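So the structure is just underneath, and the comments pick up after that.
Where a number appears in this text, it was derived from the coordinates with a stated rule and is not lab data. Owing to the predicted nature of the structure, the values given are computational and were not obtained by experimental measurement. No Cβ is skipped: glycine too gets one built from the backbone with ideal geometry, and neighbour counts run over all protein chains shown.
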Amino acid sequence: MKRLRLSRLRGALVRYVLLGAATAVFTLPMLYMISTSLRPNGALYEYPPRFFPRIEALTLENYDYILHQSKFYLNFLNSVLVSVSTVALAAAIASAMAFVLGKFPSRGTRLLFAFIIVTMIIPGTTMIVPQFELATRLSLVNRLWGLIPFYVAWVIPFSTFMIKGFMENIPGEIMDAAWMDGASVLKVYFRIALPLASPAIASVSIFNFLTAWEEYPWANTVINDNSRRTLPIAIAGFFGQHQFTQWGYVFAMSVLTLIPVVLIFILCQRFFVQGLTAGSVKG
């Protein structure tokens, strides 16, 4: 009995050590970003370097500078518009495709689903050149609407894949009863499938929001006008200004950019967990 307790104690100790190490790996960069945003720009180069600033050295001047820049609010609104539009369009298209693929299996739907899986393997950066040519022909260069269609196209394969697993688990008896009552396909989709699949749609929408909110390469390629830039491009604009990178401004703006993401995750955490686990069990 004593050996069993010692074995369990060792196992628990190892688990907590590993969890502590993993927590440190994930949280230390975030803590360093926050601590750097709370000290003057020149304090970053002090010697010996400090991970956490002295209490008397804490300042909000970086946040004050960012919040008094009108372009910050413009860039913020641009990011909100692009991200919300991407989430809404992707949720509508992916949920409809997942409904068809999950509830109307056929040779054609299986081939379509295989094609969707293949597109998930292609790295997005390899498509920048043909995407730019397409955006040029469609007159989408230097416009916010030049970001949204491409972001939607990027996230639809993964969204469809995730929602399809949830749609397949919707009991067939519910849909059969609706067919017998004379319900149309659209009515079954809007009244039955869509409400039941809302946890899965909410979970993939979080991923889609993060994709659109944090994307930089394509936005930097298409957008040239300062008034149409999103937050990632605005943050990159501080690099190299005045012959050196103003890390205090960079990290302060990064912290402000993370606040909506954290709030959305906290508010939607319940749907996020349900969406990730519900489609993993058959029957």
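Between the helical axis of 2-37 and the longest alpha-carbon principal axis of the chain there is an angle of about 70 degrees. Computed on the range 198-252, with alpha-carbon pairs under 8 angstrom and 6+ residues apart, the relative contact order is 22 percent.
Close Lys pairs in the chain (alpha-carbon distance under 30 Å; sequence gap of 8 or more, or different chains): 6. Between helix 70-103 and the chain, what is the angle of the helix's C-alpha long axis to the longest principal axis, kept within 0 to 90° and rounded to the nearest 10? The answer is roughly 20 degrees.
Binning the C-alpha pair distances of the range 69-278 at 5 Å intervals from 0 yields a P(r) profile of 1, 7, 13, 15, 16, 14, 12, 9, 5, 4, 2, 1, 0, 0, 0 %, listed from the shortest bin outward. Only the Cβ atoms of Lys and Arg (+1) and of Asp and Glu (-1) were treated as charged; on that basis the dipole of the chain about its Cα centre amounts to roughly 1120 debye. For the range 23-39, list residues with backbone N below 13 Å from a point placed 7 Å from the Cα of Y65 toward its Cβ? Answer for the range 23-39: 37-39. log₁₀ I(q)/I(0) of the range 115-155 at q = 0.20, 0.24, 0.34 Å⁻¹, via Debye over equal Cα point scatterers, no solvent, to two decimals? Listed by q, the Debye log ratios stand at -0.64, -0.85, -1.20.
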